[in-house]
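A quick write-up on the structure given underneath.
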Amino acid sequence: MSGTEKTKAHAEQAKGKAKEAMGRMAGNERMTAEGQADQAKGNARQAKEDIKDSFRH
């Protein structure tokens, strides 16, 4: 996995976790859902890079 894409994936996941936690604390279901969506995007980005890496080796 390239360094920048790996960093982007981890940042997206961390942002999502933080947003989800804030949404839960505030009782804001929309923010919680957005946080979960951000985490899913980060996971998808990481999975895509893992697949690309498997073909490189």
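The values are calculated or read from the model by the stated rules, or taken from the named source; none is laboratory data. Keep in mind that this is a model prediction, so the values were computed, not measured. Heads up, the Cβs are rebuilt from the backbone with ideal geometry, glycines too, and the neighbour counts pull from every protein chain shown.
Starting from the range 1-26, keep only residues that are modelled with pLDDT under 95, then list their pairs with residues that are surrounded by 15 or more Cβ atoms within 10 Å (Cβ to Cβ) and not in a helix (DSSP H, G or I) whose Cβ atoms are within a distance under 9 Å, requiring at least 6 positions of separation or different chains.
Qualifying pairs under 9 Å: 9/1.
Does residue 56 satisfy the condition of being exposed (fewer than 13 other Cβ atoms within 10 Å of the Cβ) and free of Cβ contacts under 8 Å to residues at least 60 places away in the same chain?
In short, yes.
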